[in-house]
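Notes to accompany the following structure.
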Amino acid sequence: MATMPLMPAAFLGHGSPMNAIERNRFTEAWRTFGASVPRPRAILAVSAHWYVNATAVTAMPRPRTIHDFHGFPRPLFEVDYPAPGLPELAEEVADVAKPDFVGSDHDGWGLDHGTWSVLVHAFPDADIPVVQLSINAQKPPEWHVRMGVRLAALRERGVLVLGSGNVVHNLRAMDWKQPDTAFDWNTRFDAHVKQLLAERAGDAAGLVSHRDYALSAPTAEHFLPLLYLAGIAAAAGKGADVLVEGPAYGSLSMTSYTVGAQCPRQDQAGEGAAAPSSVVPADASNL
């Protein structure tokens, strides 16, 4: 295999699916990140929305765009992200993940909105192969960090590993009157995560033992993709860098991180800056 530049890795706080068709400071940060990296051979995405009781990787040549939500405006359902797959990458993921088993999904999944809602901004041409890795709901946080450490080897093969979720994701506590602010517990946990990712990236126990973890991640699926980036940072022997900070609606954090990217940190919102989308259906439990 030809020598390729060492690929960066990232965790992007994806928030509402509406961010796919809107422009705000978060989507601009994703665009800046995508424009700053060498062209990847492929993207391996770990999305909060493929959360199952198994470890699997998509292995189809043409993954479908999955609209895994309901109650949003029609234009969102019309979004198509026709990136090709890369079946050979599925084999590489299974190899580096050993001794853990990774199954191949040839027709069951595709690209869910946790993946395509950020990629439409970061890589809008949809011409880079994309493969998704499921999040195994049966595994503890430490296991996901270790998997991130193993996946770090793919960076040397031109693969950009991308986690997509939210550091803080408590939809039931959202306050629509606070689009750019956070509750105290959100602020504390966001700051704690930032410190650990900078100083002790592989310390999964230190992340989930914090007093505000239960409120910040009442269900684990949006937080776990961050642990893959934590493992990659630990493998690199360096901390993760903040791409953009993101308190939103009191109980969300859109904070995003990178490892090995030559990408400037995006500033906090100033006066008049666009907030993340407030268009959320009444039943937002699957977002």
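Nothing in this text is a laboratory measurement; each read-out follows from the coordinates by a stated rule. Everything numeric in this text was worked out from a predicted model, so none of it was measured. All Cβ positions, glycine included, derive from the backbone under ideal geometry; neighbour counts span all protein chains shown.
Below 8 Å between Cα atoms, with a sequence gap of 6+, how large is the relative contact order for the chain in percent?
31 percent.
Under the criterion of Cα pairs below 8 Å and six or more residues apart, the relative contact order for segment 86-160 equals 44 percent.
Other residues with beta-carbon under 15 Å from the beta-carbon of residue 131 carry, at +1 per Lys or Arg and -1 per Asp or Glu, a net charge of -3. For residue 180 and residue 91, a Förster radius of 45 Å and the Cβ-Cβ distance give a FRET efficiency of 0.55, rounded to the nearest 0.05.
Between segment 1-78 and segment 99-163, what's the alpha-carbon centroid distance in Å? So the separation of the two Cα centres works out to 9 Å.
Contact order, relative form, for segment 1-123: 42 percent (alpha carbon pairs under 8 Å, 6 or more residues apart, mean separation divided by residue count). For the chain, the residue among 73, 196, 97 whose Cα projects farthest onto the positive side of the dipole built from Cβ charges is 196.
Excluding same-chain neighbours fewer than eight residues apart, the aspartates and glutamates reachable from residue 139 by a Cα-Cα span under 13 Å are 100, 221. In the elastic network of the chain, a GNM with C-alpha springs shorter than 10 Å, the most mobile of 19, 53, 166 is 53. Charge tally around residue 121: other residues with Cβ under 12 Å, Lys/Arg +1 each, Asp/Glu -1 each, net 0.
Here's the list of aspartates and glutamates a cross-link from residue 98 could span, going by alpha-carbon distance under 18 Å and ignoring same-chain residues fewer than 8 apart: 88, 142, 156. Taking the Kirkwood radius as Rh and the Cα radius of gyration as Rg, segment 9-259 has a ratio of Rg/Rh equal to 0.93. Once the Cα-Cα distance is subtracted from the 0.36 nm per residue extended length, the residue 172 to residue 200 segment shows a gain of 7.0 nm. Placing +1 on each Lys and Arg Cβ and -1 on each Asp and Glu Cβ, with no other charges, gives the chain a dipole about its Cα centre of roughly 380 debye. Each of 251, 104 was scored by other Cβ atoms within 10 Å of its Cβ. Listed from fewest to most, they are 104, 251.
Near residue 246, within a Cβ-to-Cβ distance under 10 Å, what is the net charge of the other residues, with Lys and Arg +1 and Asp and Glu -1?
Result for the local shell: -2.
Ordering 30, 130, 141 by Cα displacement along the dipole of the chain toward the positive end leaves 141 in first place; charges were set at the Cβ atoms of Lys, Arg (+1) and Asp, Glu (-1). For segment 192-261, applying the loop criterion from DSSP together with a ceiling of 11 other beta carbons within 10 Å to the trypsin sites (Lys or Arg not before Pro) yields 211.
Counting neighbouring Cβ atoms within 10 Å and putting the fewest first, the residues 147, 174 line up as 174, 147. Of the residues 186, 173, 159, the one whose Cα sits farthest toward the positive end of the charge dipole of segment 154-203, with +1 on the Cβ of Lys and Arg and -1 on the Cβ of Asp and Glu, is 159. Each Lys and Arg contributes +1 and each Asp and Glu -1, all at the Cβ; summed about the Cα centre of segment 181-268, the dipole is approximately 160 debye. Using only side-chain charges placed at the Cβ, +1 for Lys and Arg and -1 for Asp and Glu, the dipole size of segment 1-105 relative to its Cα centre rounds to 380 debye.
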